[in-house]
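Quick notes on the structure that follows.
Values quoted throughout were computed directly from the atomic coordinates according to the rules given, and no laboratory measurement underlies them. Predicted, not measured: the structure shown is a model, and the values here were computed from it. Every residue, glycine among them, receives a Cβ derived from its backbone with ideal geometry; neighbour counts consider all protein chains shown.
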Amino acid sequence: MRMSSYFLPTLKETPSEAQIVSHRLMLRAGMIRQTSAGIYAWLPLGWKVLQKVSQIVREEQDRAGAQELLMPTIQSADLWKQSGRYEAYGKEMLRITDRHDREMLFGPTNEEMITDIFKTFVKSYKDLPRNLYHIQWKFRDEVRPRFGVMRGREFLMKDNYSFDLDAEGARLSYRKMFLAYLRTFARMGIKAIPMRADTGPIGGDLSHEFIILAETGESQVFCDKQWLDMDVLADNPDANGDLKDFFTKYTSIYAATEEMHDAAKAPADLVTARGIEVGHIFYFGTKYSAPMGAVVTGPDGQPVTVEMGSYGIGVSRVVAALIEASHDDAGIIWPDQVAPYKVALINLKADDEACRSTCDGLYARLQDAGVDVIYDDRNERPGAKFADMDLIGIPWQLTIGPRGLKAGTVELKRRATGEKLELPLEEALAKVMA
Ligand code: ATP
Ligand code: MG
């Protein structure tokens with residue numbers, strides 16, 4: 001992407017309406033634009049990050065054996081009357097009437113719809129287990145939308161639903177998702193800690209919230225200090241095994257939200273912090289399958305009501321949470337895995353012929369190599385260019401100026417550490433392509 005033609009409306013001033021750093025930086029970096037309370041347009045830079053985050057979520061769901069589909073945002077109220085949640089959901093649900101006076105709603109979640117789809121097609125135990133997911137916009141008419149996309153009214157969620165013949169199978173599905181969640185967040189370069197949680201209105205008997213520690217988190221959380229050094233990706237259990245040892249290991253290290261915290265059980269080395277909920281998983285048995293009649297024929301010919309679980313990740317909230325967890329005074333510091341661009345190519349003197357042709361050549365080479373690169377080819381002050389790249393948080397900055405070019409060198413800066421190296425051009429290129 002060339003900066004000279006990029007739709008990147010960055011702001012110089014700090015927007016006064018934003019109370020937390022991620023909201024301020026997302027506005028300043030031109031990632032989002034509020035269109036009404038709690039509803040945001042994702043501008044090109046923000047959309048790119050949202051897609052990177054979605055893609056990691058998708059890969060880990062696929063790896064765990066879940067299958068992607070796409071359900072609509074608009075649902076019929078009838079489904080929710082079957083489960084009994086239509087009245088119970090209250091004012092958070094956006095209710096819509098169509099031209100034929102049919103009651104519709106903008107889905108806040110999809111348990112009812114997926115149960116209906118499942119029961120239409122699956123009739124035999126032989127077709128179990130199944131795990132289905134989608135990444136789709138949700139609407140919840142929050143009383144107090146705030147903190148930008150952290151607590152929006154319209155937000156992007158990955159939600160999936162598991163269907164099993166019995167409780168044992170359902171618990172295995174739950175453990176698979178537990179692993180998938182740990183891996184998903186670790187791959188994004190953040191630490192999300194699974195905490196025993198209240199099952200709330202979704203119901204059920206087993207539930208974990210995945211929480212990122214950050215000062216601006218909305219809830220108080222408690223965890224064993226050990227959590228801070230856990231490396232889930234290094235710990236690579238057999239995903240096709242029963243995952244019992246793995247689950248026991250990770251659930252026996254203390255971590256609890258305020259509602260579940262028990263000082264008597266807490267370890268001596270306790271961390272008390274604020275947390276952001278980025279994911280939530282539930283095993284709730286037959287809460288929806290029973291009222292909605294999701295029944296299969298079991299091995300003995302008898303009808304069995306399927307056991308279900310549901311699993312959510314707040315994909316759009318994750319973008320804000322990543323910024324809360326990784327920024328400095330100059331702006332965002334994207335972890336490499338989710339950065340909108342891996343490399344910023346900065347031409348210090350756009351009107352210098354040698355600089356321009358070198359940069360154009362590098363830009364083409366990086367693109368050909370499949371590296372996501374943003375190229376500042378504008379006629380601007382160097383200071384403004386550096387400030388913009390720091391603000392939007394690009395992990396590697398490759399700067400080409402007339403003086404260096406004469407000596408055959410370029411400057412390579414690592415955003416996260418601020419470390420700068422003068423390197424021969426090819427060496428710098430090899431480093432960012434690695
Ligand atoms: P919260 O306690 O933050 O209101 P929740 O428990 O109601 O969230 P879930 O039903 O568990 O939310 O939804 C799954 C995930 O969707 C949450 O873990 C969170 O990451 C995300 N999410 C929920 N509500 C919002 C929202 N208003 N804006 C952005 N993301 C949200
Ligand atoms: Mg929740």
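Where both partners of a DSSP beta bridge lie in the chain, what percent of those bridges are antiparallel, to the nearest 5?
For the chain, the DSSP antiparallel bridge percentage is about 85.
With a/c under 1.5 counting as rounded, go ahead and sort segment 355-422 into rounded, prolate or oblate using the C-alpha gyration tensor (a ≥ b ≥ c being the square roots of the eigenvalues; past the cut-off, prolate if a/b is larger than b/c, else oblate).
Here segment 355-422 falls in the rounded category.
Dipole of segment 214-256, Cα-centred, from +1 at each Lys and Arg C-beta and -1 at each Asp and Glu C-beta, to the nearest 20 debye?
Around 140 debye, computed over segment 214-256.
So which GluC sites (Glu not before Pro) in segment 103-140 pass both tests, a DSSP loop state and at most 10 other Cβ atoms within 10 Å of the Cβ?
Here no GluC sites (Glu not before Pro) fit, given the DSSP loop and packing criteria.
Roughly how many nanometres apart are two label points built 7 Å out from the Cα toward the Cβ at Ala384 and Asp235?
For Ala384 paired with Asp235, the spin-label model returns 5.0 nm.
Run the numbers on segment 266-308 and let me know its relative contact order in percent, using alpha-carbon pairs under 8 Å that are six or more apart.
35
Treating cross-link reach as a plain straight distance, find the lysines whose alpha-carbon is under 21 Å from the alpha-carbon of Lys81, omitting any fewer than eight places away in the same chain.
Lys91, Lys119, Lys138, Lys287
Explain nothing, just compute: Karplus ³J(HN,Hα) = 6.51 cos²θ - 1.76 cosθ + 1.60, θ = phi - 60°, for every residue of segment 308-313 in order, whole Hz, x for Gly and Pro.
Karplus values, whole Hz, x for Gly and Pro: 10, x, 9, 9, x, 10.
What FRET efficiency, computed as 1/(1 + (r/R0)^6) with R0 = 45 Å and r the Cβ-Cβ distance, is obtained for Arg274 and Asp368, rounded to the nearest 0.05?
0.50
Arrange Glu168, Glu59, Glu13 by Cβ neighbour counts within 10 Å, fewest through most, would you?
Exposure proxy ranking, most exposed first: Glu13, Glu168, Glu59.
Relative contact order, percent, of the chain when contacts are C-alpha pairs under 8 Å separated by at least 6 residues?
Value for the chain: 17 percent.
Which residue, Ala167, Ala192, Ala320, has the most motion in a Gaussian network model of the chain that connects Cα atoms within less than 10 Å?
Taking springs between Cα atoms under 10 Å, the residue moving most is Ala167.
So what's the back-of-envelope 222 nm ellipticity for the chain, counting only DSSP H runs of four-plus at -39500 (n - 2.57) apiece and dividing by all residues, rounded to 500?
So the calculated ellipticity at 222 nm is -9500 deg cm²/dmol.
Just need the relative contact order of segment 286-434 here, percent rounded to a whole number, with Cα pairs under 8 Å and 6+ apart.
Relative CO of segment 286-434 lands at 20 percent.
Give, rounded to the nearest 20 debye, the magnitude of the charge dipole that segment 1-112 has about its Cα centre when Lys and Arg contribute +1 at Cβ and Asp and Glu contribute -1 at Cβ.
Computed charge dipole of segment 1-112: roughly 660 debye.
If a/c stays under 1.5 just call it rounded; otherwise compare a/b with b/c (prolate if a/b is bigger, oblate if not). Do that for segment 140-228, with a ≥ b ≥ c from the square roots of the Cα gyration tensor eigenvalues.
Since a/c reaches 1.5 but b/c is at least a/b, the shape of segment 140-228 is classed as oblate.
So, by mean Cβ neighbours within 10 angstrom, what's the order for 86-97, 281-292 with the highest one leading?
Final packing ranking: 281-292, 86-97.
Given the C-alpha centroids of segment 375-434 and segment 240-261, what is the distance between them in whole angstrom?
Using only Cα atoms to place each centre, the spacing works out to 44 Å.
Assigning unit charges at the beta carbon (Lys, Arg +1; Asp, Glu -1) and nothing else, what dipole magnitude in debye, to the nearest 20, does the chain show about its Cα centre?
Rounded to the nearest 20 debye, it is 780 debye.
Under 10 Å, Cα contacts only: if you run a Gaussian network model on the chain, which one of Met195, Met389, Met104 comes out with the highest mean-square fluctuation?
Maximum fluctuation in the GNM of the chain, among the listed residues, is at Met104.
For Lys431, list the lysines whose Cα falls under 30 Å from its own Cα; do not include residues on the same chain fewer than 8 positions away.
The qualifying lysines are Lys48, Lys52, Lys191, Lys342, Lys349, Lys385, Lys406, Lys413, Lys420.
Aspartates and glutamates within cross-link reach of Lys12: Cα-Cα under 12 Å, excluding same-chain residues under 8 positions apart?
Cα-Cα hits under 12 Å: Asp388.
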